[in-house]
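Notes for the one structure printed next.
The values are calculated or read from the model by the stated rules, or taken from the named source; none is laboratory data. What you are looking at is a predicted structure, and each value in this text was computed from that prediction instead of being measured. When we count neighbours, we look across all protein chains shown, and the Cβ atoms used for this are built from the backbone with ideal geometry, even at glycine.
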Amino acid sequence: MDSTKYSLADFIDIPDQDIMGRARIFAEYTEDSRRRGHAHFRRVSLDGSGPTMQVIDPLTGKVNEMIYMASNDYLNLTKHPRTIAAGRAALEKYGSGAGSVPLLGGTLDIHIELEQKIAKFKGCEAAILYTSGFGSNCGTLLAMLTEKDVAILDLLVHASIIDGCKKTNVQYFRHNNMESLERALKKAKDKYRTKLVVVDGVYSMDGDIAKLDQIVELAHAYGAYVMVDEAHATGVIGANGRGTPEHFGLEGKVDIVAGTFSKALGAVGGFIATNKELVQLLHFYSRSYMFSTAPTPQATGSLIAALDVIETEPELRAKLWDNINYFRKNITSLGYDIGNAETAIFPLIIGDGFKVREMCRRCHELGLYVNPVQYPAVPERLSRLRISLMSAHTREHLDRALEILEHVGREFEVI
Ligand SMILES: Cc1ncc(COP(=O)(O)O)c(C=O)c1O
């Protein structure tokens, strides 16, 4: 099999193959891709997230120290002494697991403390915790929306939102385009019971920010609610790192604030912050909450400390923004197209999936860990390398990464 002739989309379904046949054919594709040095997925780390990371080379099996620019650990809280100490203390006090689902014995006092802390941080009345951000988006939407309702989604929302809308009607609007949103709202106006506009605060593949001020105004004018997924915004944007509502001065005005604990907050899990009544409804009707064991004590303890760190160590966010501004200035002056990126995520738009894979291979060889994003995740003409920055990247890390990207960009004639 010549893997360069295919994309992941070709294996979603293979006519005349049952699941095992499909898996065998897909294995041929991944093996050829690995041989070509294009196996950039599931590269194995020996020391976890940090500005550099020890990575096993998928081709040679050797361990290389690489500059790591693919993490969502924006503030490096995965290894902050306070998050580690608090996680360790919770592990020792409560054990390695919560032991049960939250409604039937799994709720610990630290879960309540984290719920209250994240609700306050997000300017909402109450919050509910989940064991993943995917589960919180998906489980909440499935609990809220039925065939009588409609979800009005930005075209680029996260997969967890799309999967959560499988039981309801869906209308898409063009990415961050207010005319398109208004058309969708008009169309939905008298047709559905609950109308819910769902957007990401910061878009995960593009690093741009939702026009949340206009979105909230428009949605409310048409009788729709707004849900914002703060996965890549929490800890990064807003004067105090409280995310997109804070960035636009809208705290307390967004109906449902969703988020994950797995990115800037440095652990794992998800949350929904909203009003008390809706949180209580989700306790009983959100299946990924009700039928899933409560978050681990260690993650919960670490997350309480992570929120304290965000509040008391603003210098981490300031350093992240220094890095973002420095990198943006230099990467654009090299001639790369970064679209509308404004946060810690940088797409380097190349527009050719094969070139992206080859560039990623060369970056890997030169010691820079970045990710390829290709069709079907984005249209082929928007294939890109995706880079994300952290506060712990030093000027030397950034300069070396820029040097590698300049070298590779010239080699493949994209700058
Ligand atoms: C925008 C967005 N929402 C939700 C999620 C899911 O979060 P989690 O990784 O905690 O499941 C992710 C990423 O993984 C994301 O990028």
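Which of the residues that make up the stretch 24-77 are of a type in the set (Gly, Ala, Ser) and modelled with pLDDT of 95 or more?
Correct list: ALA27, SER45, GLY48, SER49, GLY50, ALA70, SER71.
Only one entry of THR300, THR244, THR293 meets the criterion of being among the hydroxyl-bearing types (Ser, Thr, Tyr) and surrounded by fewer than 24 Cβ atoms within 10 Å (Cβ to Cβ), and that entry is THR293.
Residue under question is THR274, and the condition is that it be within 16 Å of the ligand (Cβ to nearest atom) and either of a type in the set (Lys, Arg) or crowded, with 17+ Cβ neighbours inside 10 Å (or both); does it hold? No; evaluated as a whole, the condition is false for this residue. Within the stretch 106-136, if we keep just the residues that are more than 16 Å from the ligand (Cβ to nearest atom) and touching a Leu at 6+ places or on another chain (Cβ under 7 Å), the residue that is farthest from ALA264 (Cα to Cα) turns out to be HIS111.
Just one of the numbered conditions (1) more than 30 Å from GLY50 (Cβ to Cβ); (2) within 12 Å of the ligand (Cβ to nearest atom); (3) aliphatic (A, V, I, L, M); (4) surrounded by 21 or more Cβ atoms within 10 Å (Cβ to Cβ) is not true of ILE162: (4). Residue-level analysis places THR146 outside the set of residues that are away from the ligand (no atom under 16 Å from the Cβ), assigned by TED's automatic domain parsing to the domain that holds THR244, touching a helix residue (DSSP H, G or I) at 6+ places or on another chain (Cβ under 9 Å) and not acidic (Asp, Glu).
Return yes or no: is SER96 surrounded by fewer than 22 Cβ atoms within 10 Å (Cβ to Cβ), hydroxyl-bearing (Ser, Thr, Tyr) and touching a Pro at 6+ places or on another chain (Cβ under 9 Å)?
Numbers: surrounded by fewer than 22 Cβ atoms within 10 Å (Cβ to Cβ): yes; hydroxyl-bearing (Ser, Thr, Tyr): yes; touching a Pro at 6+ places or on another chain (Cβ under 9 Å): yes.
Taking the combined requirement at face value, the residue satisfies it.
Which ranges mark the helices (runs of 4 or more DSSP H) fully within the stretch 282-368 that have 1 or more residues being farther than 30 Å from ARG35 by Cα? Here the list reads 287-290, 297-312, 314-333.
Criterion first (within 14 Å of the ligand (Cβ to nearest atom) and either of a type outside the set (Val, Ile, Thr) or touching a strand residue (DSSP E or B) at 6+ places or on another chain (Cβ under 9 Å) (or both)) does SER180 satisfy it? In short, no. Condition check: at pLDDT 95 or above and either more than 19 Å from the chain's Cα centre (by Cα) or of a type in the set (Ser, Thr, Tyr) (or both). Does ILE209 satisfy that? No; evaluated as a whole, the condition is false for this residue.
If a residue has to be surrounded by fewer than 24 Cβ atoms within 10 Å (Cβ to Cβ) and either closer than 24 Å to ASN76 by Cβ or not aromatic (Phe, Trp, Tyr) (or both) to count, how many in the stretch 248-266 make the cut? Working first, answer last.
Let us first name the residues in the stretch 248-266 that are surrounded by fewer than 24 Cβ atoms within 10 Å (Cβ to Cβ), namely 248-253, 255-256, 262.
Remaining after also requiring either closer than 24 Å to ASN76 by Cβ or not aromatic (Phe, Trp, Tyr) (or both): 249-253, 255-256, 262.
Final tally of qualifying residues: 8.
Conditions (1) assigned by TED's automatic domain parsing to the domain that holds ASP206; (2) more than 27 Å from GLY367 (Cα to Cα); (3) of a type in the set (S, T, N, Q); (4) in a strand (DSSP E or B), marked per residue:
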position	(1), (2), (3), (4)
MET1	no, yes, no, no
ILE14	no, yes, no, no
HIS38	no, no, no, no
GLY50	no, no, no, no
MET53	no, no, no, yes
LEU59	no, no, no, no
ASN64	no, no, yes, yes
ILE67	no, no, no, yes
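Take the residues in the stretch 245-267 that are assigned to a strand (DSSP E or B) and hydrophobic (A, V, I, L, M, F, W, C), then tell me which one is nearest to the ligand (Cβ to nearest atom).
Filtering the stretch 245-267 for residues that are assigned to a strand (DSSP E or B) and hydrophobic (A, V, I, L, M, F, W, C), the one nearest to the ligand (Cβ to nearest atom) comes out as ALA258.
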